[in-house]
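Quick notes on the structure that follows.
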Amino acid sequence: MATGSVAPEEAVGHFTWLGRFLGLDPAASSTREPVGWQPVHPGLLADLGEGHGSEVPAGAVRPARQR
């Protein structure tokens, strides 16, 4: 898959309707305040730091090891 960069001012034209959403950068706190939501679980990095997220569910296929 080819990749490349797109200037922010060209994003809407390049990504069409999705470009409008990609250009947004709302802070998470701006969505918490209006609804009164507060997180009750550890954040992603803290959770991963405790070793969570590395488990493979029963029946799942592990990827082949790279040699």
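The values are calculated or read from the model by the stated rules, or taken from the named source; none is laboratory data. Bear in mind that the values here come from a model prediction, so they are computed numbers and not experimental data. Surface accessibility is based on the protein's heavy atoms, side chains included, excluding ligands, DNA and RNA. Shrake-Rupley method; radii C 1.70, N 1.55, O 1.52, S 1.80 Å.
Extension gain for Met1 to Phe15 (0.36 nm times residue separation, less C-alpha to C-alpha distance): 3.4 nm.
Trp37 sits with roughly 130 Å² accessible to a 1.4 Å probe, with DNA, RNA and ligands left out of the calculation.
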